[in-house]
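> Sending over a structure as structure tokens; questions will come in a sec.
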Amino acid sequence: MLFLVLVLIFIGLQLTPGDPLTYMIPPEVLSSANFDLAAYKKAMGLDAPVYIQFFHWFTDLVQGKLGYSLVDGSNIAKMISNRLPATLALAAAALIISSVLGILLGLLSSIRQNSSTDYANTVIGIIGISIPEFFIGICAIQIFAIKLGWLPIGGQYEYADSGIIDRLRHLLMPSLVLGFALTAALMRYTRGTMLDVLGKDYIKTARSKGLPEWKVNLKHAFRNALMPVVLLLCFRLPLLIGGTVIIESVFGWPGMGGMILNAVSAKDYPVVMITTMMTACMVLFASFLVDLLTALLDPRVRFE
């Protein structure tokens, strides 16, 4: 599947209009009579057929050579090593925040169904799902950074030697904005699965035995409602990587998002292919993780 994804992306990039040369070379140089565009393409390997270009790129990839950027000649492996930690930190913080808040609020809404708490959480969930992340980010910057001055506007830190407190202050707002939409969706999903489990016969049996309500909700209901929630979290892993592209652009976060946007706009084939491959690997890993967790959490699957 990963190989097929790489083939489709490579062919799709070739079919899009333009080429890297129009991005890297000034227009006056391109239109100059002394500039040999065909020779330049031949030197960069852009004149070969699509399947030849893909074969050369895939052969280098199998050998562990990620290649170089067509735009500035930067080593792609070094580009990723410089930017990936910032993206992973942002995605991990958003995942932790959304998981804790989404599960807790969903559990609280299901236990107190049709209460003021449930209605308030429902409104928050609808807002989080409906409003785009970039708009929430702009509002957050306007309120918490510009008006109140509590948090920095953007970036990862003030200075290269900044301490952990300064880095956490810069991380807080983008991770909360990125986690807000995930929190809303997870909260609604947790609420729905909990309400479905609370209507089962074995929950009524547990209550008829005189068990405390907290024990019925947590030990009997929540444990059985947890599996679909955990599976949803696994499928959120690739979405976090995609979501960081927008959030990093809004907050000026020095992660993979800016690199992906620049590579796509410049048609920097090697960079786009490597970043796409990383995203595809995340999707396939999440699918594999779902299969493993399903077998671990559901004995029926494991016994079969």
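Every number here is computed from the coordinates shown, using simple stated rules; none is lab data. Since this is a predicted model, take the numbers as computed values, not measurements. Positions of Cβ are generated from backbone atoms using ideal geometry, with glycine treated the same way; all protein chains shown enter the neighbour counts.
> Just to confirm the number: angle between the C-alpha axis of helix 223-251 and the first principal axis of the chain, 0 to 90 degrees, nearest 10?
40 degrees
> How far is helix 116-130 tilted, in degrees, relative to the longest principal axis of the Cα atoms in the chain, given as a value from 0 to 90 rounded to the nearest 10?
For 116-130 against the chain, the angle is about 10 degrees.
> Can you tell me, using C-alpha contacts under 8 Å and at least 6 residues apart, the relative contact order of segment 89-297 as a whole percent?
Working: 213 pairs, mean separation 55.7, N = 209.
Relative contact order, segment 89-297: 27 percent.
> Can you give the FRET efficiency to the nearest 0.05 for F288 and Q53, using r as the Cβ-Cβ distance and R₀ = 35 Å?
Values: r = 30 Å, r/R0 = 0.86.
Calculated transfer efficiency: 0.70.
> Using only helices, what value at 222 nm comes out for the chain when you add -39,500 (n - 2.57) per DSSP H run of length 4 or more and divide by the total residues, to the nearest 500 deg cm²/dmol?
Numbers: 14 runs with 220 residues, N = 304.
That comes out to -24000 deg cm²/dmol.
> Given R₀ = 45 Å, what would the calculated FRET efficiency be for K200 paired with V7, taking r from the Cβ atoms and rounding to 0.05? Walk me through the numbers before you get to the answer.
Working: r = 46 Å, r/R0 = 1.03.
So, using R0 = 45 Å, E works out to roughly 0.45.
> Excluding same-chain residues fewer than 8 positions from K204, which lysines have a Cα within less than 28 Å of its Cα?
K204 reaches K215, K219.
> Another question about this same structure. Between L15 and T117, what length in nm is gained on full extension when 0.36 nm per residue of separation is reduced by their alpha carbon distance? Mind dumping the intermediate values first?
Values: separation 102, 0.36 × 102 = 36.72 nm, distance 5.19 nm.
Between L15 and T117, full extension yields 31.5 nm more.
> If you place +1 on the Cβ of every Lys and Arg, -1 on the Cβ of every Asp and Glu, and leave all else neutral, what size is the dipole of segment 89-297 about its Cα centre, to the nearest 20 Debye?
On the way: 15 positive and 11 negative charges, 184 e Å.
For this selection, approximately 880 debye.
> If I model a spin label as a point 7 Å beyond the Cα along the Cα-Cβ vector, how far apart are those points for V230 and I146 in nm?
According to this spin-label approximation, the distance is 4.5 nm.
> Follow-up question, since we're still on this one. Based on Cα positions only, what radius of gyration and what Dmax would you give for segment 89-297, in angstroms?
20.0, 67
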